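What follows is a short report on a single structure.
The values are calculated or read from the model by the stated rules, or taken from the named source; none is laboratory data. Fair warning: this is a prediction, and the values are worked out from it, not measured in the lab. Methodologically, a virtual Cβ is constructed for each residue, glycine included, from the backbone with ideal geometry; neighbour enumeration extends over all protein chains shown. Protein only, heavy atoms only, side chains kept; ligands, DNA and RNA dropped before computing areas. Shrake-Rupley method; radii C 1.70, N 1.55, O 1.52, S 1.80 Å.
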Amino acid sequence: NCSEERRSTTCHHKAEVDVAACDSAGIPILRRSSGGGTVVQGPGILCYAVVLRTETDPALESITGANRYVLGRVAEAVSGSLGKEVRIQGDTDLTMGDRKFAGNAQRRKRQALLFHGSLLLDADLDRIRSLLPLPSRQPAYRAGRAHADFLVNLDLPAVAIRKALGDVWRTSGPMPSWPVARTTELVATKYRDEQWNRRW
């Protein structure tokens, strides 16, 4: 859950982010190991992640199949909370009508995959517009629209979405245990390294 007063951008190429604007505002630019486009993180944005063994379902054996498998469940959770239809558009977007409220990405290994995304609940859309130029790659349904005309907030409380996601994934909360020491080591040696983050 990225609702605390911290902001960052995750980026793979400097053409996808306004570097000067981020530096001026003191907003770090971070790389991530999964694919997908540049994302602004901050208050009003709910982040989720699932780790799945690819052997559990044939759909998980391909990128496209995994997108449909995971996003179908996330769409079900959000649709139930909204009382409105949620659609999967592009490769990994979730939309309300023709406007995007969620982007997603995955990192695949031999036997498992990490799938994660962020949902706009009450995000500062003007801030997103000020930090990100139009992406170089756009899904057809975007039709060249500016961020202000393309993105939309769900205007739902994070607690409701967290519960709905927990219900569709049949979990009551975060993992009971996770590799804290290894995570701390990676953050210290890699993910906070400015040279790695800005290795365009």
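Which net charge results for the neighbourhood of ARG198, defined as the other residues with beta-carbon distances under 15 angstrom from its beta-carbon, given Lys and Arg at +1 and Asp and Glu at -1?
The answer is +1.
Roughly how big is region 78-200's charge dipole about its Cα centre, with Cβ charges of +1 (Lys, Arg) and -1 (Asp, Glu), in debye to the nearest 20?
Roughly 560 debye, rounded to the nearest 20.
When ranked by the protection proxy of mean other Cβ atoms within 10 Å per residue, highest first, what sequence do the peptides 189-198, 108-117, 91-100 form? Spell out each step's value before the answer.
Working: 189-198: 12.0, 108-117: 15.3, 91-100: 18.6.
Peptide ranking by packing, descending: 91-100, 108-117, 189-198.
Could you tell me how many cubic angstrom of Cα convex hull volume region 112-200 has per residue? If you can, show how the numbers build up before the last one.
On the way: hull volume 16.8 nm³, N = 89.
Measuring per residue, one finds 189 Å³ for the Cα hull of region 112-200.
Counting heavy atoms of the protein chains only and a 1.4 Å probe, report the per residue accessible area for the chain as a whole number of Å².
That works out to 57 Å² for each residue.
Compute the separation of the alpha-carbon centres of region 120-134 and region 27-65 and state it in Å as a whole number.
Using only Cα atoms, the two centres lie 19 Å from each other.
First check a/c for region 94-156, with a ≥ b ≥ c the square roots of the eigenvalues of its C-alpha gyration tensor; if it is under 1.5, answer rounded, and if not, answer prolate when a/b is larger than b/c or oblate otherwise.
It is prolate, given that a/c is not under 1.5 and a/b is the larger ratio.
Excluding same-chain pairs closer than 8 in sequence, count the lysine pairs in the chain whose Cα atoms lie under 27 Å apart.
The result is 7.
Can you give the direction-averaged projected area of the convex hull of the alpha-carbon atoms in region 1-152, in nm²? Please report the intermediate quantities before stating the final value.
Working: hull surface 35.7 nm².
Computing the convex hull of the Cα atoms and averaging its projections yields 8.9 nm².
Hey, got the Cα dimensions of region 20-99 along the principal axes, in Å, largest first?
Largest first, region 20-99 extends 46, 32, 19 Å along its Cα principal axes.
Of SER130, HIS116, CYS47, which is farthest on the positive side of the dipole of the chain, counting Cα position, with +1 on Lys and Arg Cβ, -1 on Asp and Glu Cβ, and the Cα centre as origin?
Projecting each Cα onto the dipole axis, the largest value belongs to HIS116.
Any idea which of ILE63, ALA105, SER8 is furthest toward the positive side of the dipole for region 1-148, if Lys and Arg beta-carbons carry +1 and Asp and Glu beta-carbons -1?
Checking the options against the dipole of region 1-148, the answer is ILE63.
Write down Rg/Rh for region 148-188, rounded to two decimals, with Rg from the C-alpha atoms and Rh from the Kirkwood relation over Cα pairs.
Rg/Rh for region 148-188 comes to 1.19.
Would you tally the net charge around ASP93, using a Cβ to Cβ cut-off of less than 9 Å, leaving ASP93 out, and scoring K and R as +1, D and E as -1?
Taking every other residue near ASP93 into account, the sum is +2.
May I ask you to evaluate 6.51 cos²θ - 1.76 cosθ + 1.60, the Karplus curve with θ = phi - 60°, for each residue of region 126-131 and list the ³J(HN,Hα) values in order in whole Hz, giving x for glycine and proline?
Taking θ as phi minus 60°, the curve returns 5, 5, 4, 4, 6, 9 Hz for region 126-131.
What's the local net charge at SER130, with K and R +1, D and E -1, over the other residues with C-beta under 10 Å away?
-1
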